[in-house]
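See structure below.
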C-alpha cells in the first residue's frame, strides 16, 4: 500500500487519490471518515510532509469518499477536530511550494464532483503553480467544460495567465475545445490577449488546424492580422501547414495577402508547404504570384511541383491580361 501511496498527490495533509486502489486495502466505511493504519499516518506526516510545521500537529489519517472515482485523504488534529472549519484553520487546501493543490489536480483531470466537494470545504482558486498555473487554466487546457463553469461560478479569475502569458482562452484554443471557448468568451475572456511572444489565441488555433475555433473567434472579434513577434500571422501558419478549412475561414474576413513584417507572404508559405489546395485558395482570394519576398524570391522559385507551378503561371497570365 505504501508503494501506491507515493503516487498520490498530497496537499498539506490532504491527498487526492484514486478511490479503487484505496478501497482494495481499506474496509468499507461505516462512518464517512475511516481511520487508516498508523503506518500510513507516519508515512504521510514524516515521509511526505517531512519537516513541515504540519508534522506533529496531526494524529489520525482519514479516508473521505468523494465519488466513485476519487477519495480525499485528510488528517485531524490531536483533539479530533475536522470538517470545514478545521480545513480552513489548518489551510488544508493551500498549495505546497510548487502551488499544486487538490483543487488543481481535480480540475486538471476533469472531476467536477471533486471540485464541487472541495469548494464546500473552502478550497481557493487563487493558488498558482511555479509556472503560473491555476485550477482554471488547467481545466481549460484539458477541455473540461463543466469544471470551468464550476470554477467561474466560484470566483476563478478568467484573466489568469501562465508565466509566459498564456490565458485560459489561449490554452482552450490550442486544444480546440470549442465549448470551453464559447463559455470563456461569454464570460468576458479577451479574444486578442497574446502570450509574451505575441502569439494570440487565433494564431495558435490556426497553427493547430482548429477551423471551428477559428470561425468562432473571428466572429467574436479576433484580429485576423494579429502578428506574432516573429512576424507571422494566423493565415501564414495555416497556409504553411496546408489547413484548407482554416484558410477558408480566415479568407472570409479578408486578411492581408501581401508581404508581412517578416518579409514573406502567405502564398510563399503555402508554396513552401507544397499544398496545392492552399495555394489555389490564396490565388483565388487575390494573392499576387509576382510578389517577391525579402530574399527577392518569387513563389514559383520555391517549388518544383508542376501542379503548383501551373497554378502560379496561370494566375500570373490572368493578372497581366
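The values are calculated or read from the model by the stated rules, or taken from the named source; none is laboratory data. All values reported here derive from a predicted model rather than from experimental measurement. All Cβ positions, even for glycine, are placed from backbone atoms using ideal geometry, and neighbour counts span all protein chains on display.
Return the only residue of 151, 185 being closer than 22 Å to residue 218 by Cα and more than 14 Å from the chain's Cα centre (by Cα). Working first, answer last.
Working: 151 fails: closer than 22 Å to residue 218 by Cα.
Going through 151, 185 in turn, the sole match is 185.
Which one of 316, 306, 248 is surrounded by fewer than 22 Cβ atoms within 10 Å (Cβ to Cβ), farther than 25 Å from residue 193 by Cα and in contact (Cβ under 8 Å) with a residue 12 or more places away in the chain?
Values: 306 fails: in contact (Cβ under 8 Å) with a residue 12 or more places away in the chain; 248 fails: farther than 25 Å from residue 193 by Cα.
316 is the lone residue from the list that is surrounded by fewer than 22 Cβ atoms within 10 Å (Cβ to Cβ), farther than 25 Å from residue 193 by Cα and in contact (Cβ under 8 Å) with a residue 12 or more places away in the chain.
Quickly run through the range 118-144 and pick out the residues that are buried (at least 19 other Cβ atoms within 10 Å of the Cβ), part of a helix (DSSP H, G or I) and over 17 Å from the mean Cα position of the chain (by Cα).
Result: 118, single match.
Pick from 226, 205: which is within 17 Å of residue 182 (Cβ to Cβ), modelled with pLDDT of 95 or more and touching a helix residue (DSSP H, G or I) at 6+ places or on another chain (Cβ under 9 Å)? Give the derivation first.
Values: 226 fails: within 17 Å of residue 182 (Cβ to Cβ).
Answer to the selection: 205.
Rundown of residues vs (1) part of a helix (DSSP H, G or I); (2) more than 26 Å from residue 146 (Cβ to Cβ); (3) modelled with pLDDT of 95 or more; (4) within 21 Å of the chain's Cα centre (by Cα), yes/no style:
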| position | (1), (2), (3), (4) |
| --- | --- |
| 180 | yes, no, yes, yes |
| 192 | no, yes, yes, yes |
| 196 | no, yes, yes, yes |
| 230 | no, yes, yes, no |
| 249 | yes, yes, yes, no |
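Which condition number does residue 260 fail, the rest of (1) assigned to a loop (DSSP other than H, G, I, E, B); (2) within 24 Å of the chain's Cα centre (by Cα); (3) closer than 27 Å to residue 305 by Cβ being met?
Answer for residue 260: the failing condition is (2).
Just wondering, is there one or more residues in the range 147-167 that are part of a helix (DSSP H, G or I), out of contact with any helix residue (DSSP H, G or I) (no Cβ under 6 Å at 6 or more places or on another chain), at pLDDT 95 or above and under 29 Å from residue 282 (Cβ atoms)?
No; the residues of the range 147-167 include none that is part of a helix (DSSP H, G or I), out of contact with any helix residue (DSSP H, G or I) (no Cβ under 6 Å at 6 or more places or on another chain), at pLDDT 95 or above and under 29 Å from residue 282 (Cβ atoms).
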